[in-house]
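Comments concern the structure below.
The values are calculated or read from the model by the stated rules, or taken from the named source; none is laboratory data. In this text, all values refer to a predicted model and were calculated from it rather than measured experimentally. For neighbour counting, all protein chains shown are included, and Cβ atoms are generated from backbone atoms with ideal geometry for every residue, glycine included.
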Amino acid sequence: MTLPDLPARRKPPSRWWLYGPYIALVVAAVLWSGAWFWIRGQVAARLDAARHAAAGGPSLTWERARISGYPFRIEVVLDEVRAAEPSGWGVAAAQIRAESYAYDLKHWIGYAPQGVTLSRPGAGDVAIAGQALRASVVNDGPGQTRVSVEGLKLTFQPEAGARPFPLVAADQLDAHTRQAGQAGQVEFLIQLQGARLAPTSALGRLAAGQPVSSAWHGTLSKASAMTGRDWPQMARAWTAAGGSIELTNGWISAGPVNLDTTGGRLAIGADGRLRGEVSLGLPRASEGLAAFARAGGLDPTLARAGGQIAQARAATSPAAKADLTFEAGVATFGPIALGSAPRIY
């Protein structure tokens, strides 16, 4: 009698499938942590470069910077921020907060939780506060940058000794820009809703406490030519390069005045004042001119003459238009001189 063969000794089961996923997870976490700190370092380097980029020109400063958001976000907090240029224009904020996904730094969202302060050369500071004051920047590729700024339930309070600011409050103020098809062109949309204007301004007296709303859509050409140490120098460089604003459409509603435009081309003259023309709709132009005269913003004789021109043209066609022209420092409606053209710098 023989004994049966013993079964072959079984190999102990591998524990790789038990521990492997955990090991892979730890390795991935270590690698991503290293990547996150590298990305954080890149953001810090960009901030430092922006802080020291200008020499005798526009400047950006802050008292303290903090970068956090691990593991999947990059959150930047800047305290006592100030952006300014030598001519006197500037914006300051007690704190600016911005954030982005760590794996997609092409899209940033920022906000000022305590509002901002606008500095005006020779006119003093204005404190701007509201329910929300935020902005976003999206870079979809070379020449495809989009910028949006939005404010909700805003108030504008000039500081002691400062000149009045045109706006007192606004339900919503937003501006959007994106680079257009041709190089150097920037498309824009600016909207204002439910605004209250300072009663000292002619438009504020015209609105008589009623809300003012408007929207303007167009294209800014030669935007890349806006270079220089301050705003006047940038405006002159842009003008020298042939820069202009092509208005696609726009409208404004202020009390009894409702004006719209279907196009126009504007630039800056050598005297720093607005130059160009805007085509205005005429159906209610005479009413608006009369109301503007009653508010003290226009000589009554000129208002009547302008109203007669508007009525005569509107009688020939309901869609008739008349040009508001800015030339040689003077604003004219048809052949009627209304006053000085707005000064840009």
query: Are there any pairs with C-beta distances below 6 angstrom linking a residue in the stretch 138-152 that is under 27 Å from VAL116 (Cβ atoms) and of a type in the set (A, V, I, L, M, F, W, C) to a residue that is assigned to a strand (DSSP E or B) and modelled with pLDDT of 90 or more, with the two at least 6 apart or on different chains, and if so which?
result: VAL138/HIS107; VAL138/ARG146; VAL147/VAL137; VAL147/THR177; VAL149/ALA135; VAL149/ALA175; LEU152/ALA132; LEU152/GLN172
- prompt: Mind checking which residues of the stretch 145-168 are closer than 29 Å to SER244 by Cα and of a type in the set (Val, Ile, Thr)?
  reply: THR145, VAL147, VAL149
statement: Restricting the stretch 176-214 to residues that are in contact with a Leu (Cβ under 7 Å, 6 or more places away or on another chain), of a type in the set (A, V, I, L, M) and part of a strand (DSSP E or B), the one nearest to VAL257 (Cα to Cα) turns out to be VAL212
- request: Residues being surrounded by fewer than 16 Cβ atoms within 10 Å (Cβ to Cβ), of a type in the set (Lys, Arg) and more than 19 Å from ALA180 (Cα to Cα): count how many of those fall in the stretch 105-145.
  value: 1
- line: For the stretch 104-130, pairs from a residue that is closer than 30 Å to ALA35 by Cα to a residue that is crowded, with 18+ Cβ neighbours inside 10 Å and hydroxyl-bearing (Ser, Thr, Tyr), with Cβ under 9 Å and 6 or more apart or across chains, are LYS106/SER100; HIS107/SER100; TRP108/SER100; ILE109/SER100
- prompt: Scanning for something within 14 Å of ILE252 (Cβ to Cβ) and at pLDDT below 90, does the stretch 180-201 turn up at least one residue?
  reply: yes
- prompt: Is it true that ALA132 is more than 16 Å from the chain's Cα centre (by Cα) and not β-branched (Val, Ile, Thr)?
  reply: no
- prompt: So is PRO142 over 21 Å from ILE190 (Cα atoms), modelled with pLDDT of 95 or more and in a loop (DSSP other than H, G, I, E, B) or not?
  reply: no
query: What is the one condition in (1) farther than 24 Å from ILE245 by Cα; (2) in contact (Cβ under 8 Å) with a residue 40 or more places away in the chain; (3) part of a loop (DSSP other than H, G, I, E, B) that ASP171 does not satisfy?
result: (3)
